[in-house]
1. Candidates [x] 49, 33, 27; [y] 91, 33, 26; [z] 69, 39, 28; which is the computed Cα extents along the principal axes in Å?
2. Suppose R0 equals 25 Å. What FRET efficiency, 1/(1 + (r/R0)^6) with r the Cβ-Cβ distance, do residue 83 and residue 33 give to the nearest 0.05?
3. What net charge is computed for the residues neighbouring residue 164, neighbours being all others with C-beta under 9 Å from the C-beta of residue 164, Lys and Arg scored +1, Asp and Glu -1?
4. Round to the nearest 10 and give me the degree value, 0 to 90, for the angle of helix 47-61's Cα axis relative to the longest principal axis of the chain.
5. Search the structure for amide H atoms under 5 Å from the amide H of residue 29, placed 1.01 Å from N in the peptide plane, and list their residues when 5 or more places away or on another chain.
6. Given the convex hull over the Cα atoms of the range 133-190, what projected area results after averaging over all orientations, in nm²?
Amino acid sequence: MAGVNAKTACRIAGLSYRQLDYWDRTHLIKPSLQEARGTGSARLYAFMDLIQLRVARMLREKGISLQKIRKCLTYLKKHASATEKPLAQLRLLTDGESIFVLTKDPKVMVDTLRGGQFVFSLALGEIVEEVRGKVAELGSRRAYKVMVGGKEYTVELQPDLEDGGYVVECAPLPGCVSQGDTIEEALSMVRDAIRGHLAILRQEEKAKARKVA
């Protein structure tokens, strides 16, 4: 999978841009492929980054504070240094108060924060499949019908995973392509593009008619 930008990462992980930006700036979870480097530059997140973002969000939903997640990551970076992205590669358990990591021995858990308590599992495999499904869904083309000048046109809309927003194309009119930040904006823009495309075709037909005459 190619890298996705911050806007797409937010949609996949279920985060607000403010959360994503804060987690990056405070070095909780940073984009692996490209960091923001001033105005106009874009963050690019890898698939494993998306898993980490999703797991961190679920830990927050279970009542785990950002401070505890940081403490857990600090412990894992020290004691599991071979694991590059622990939130995406290790099986985590939580009781809403602490974060545990399963070891190779299924009977042994490591409490990264304090003494053990009754715990329940975050199904990492399900999260991975869910994120993979969302990535596939966001990358798929969808057909829409738009009306221009009393005529219906079929257009295909596809999310732009790198730059964000949507690209929309009217296949019956080759070269008629537009884009927008939202689905509604993209469909509105493609209507304008269709009108402009049809106007050019009419001008070309008139020019041909004059040459024939």
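1. [y]
2. Values: r = 19 Å, r/R0 = 0.77.
That gives a FRET efficiency of 0.85.
3. Working: positive: 7; negative: 160, 162, 163, 181.
In short, -3.
4. 60 degrees
5. Those qualifying (amide H under 5 Å, at least 5 residues apart or on another chain) are 24.
6. Details: hull surface 15.9 nm².
The directionally averaged projection comes out at 4.0 nm².
Quick note: the coordinates plus some simple rules give every number you see, no bench work behind them. Note that the structure is a prediction, hence the values are computed from the model and not measured. Because the Cβ atoms are built from the backbone with ideal geometry, glycine has one as well, and the counts that use them run over all protein chains shown.
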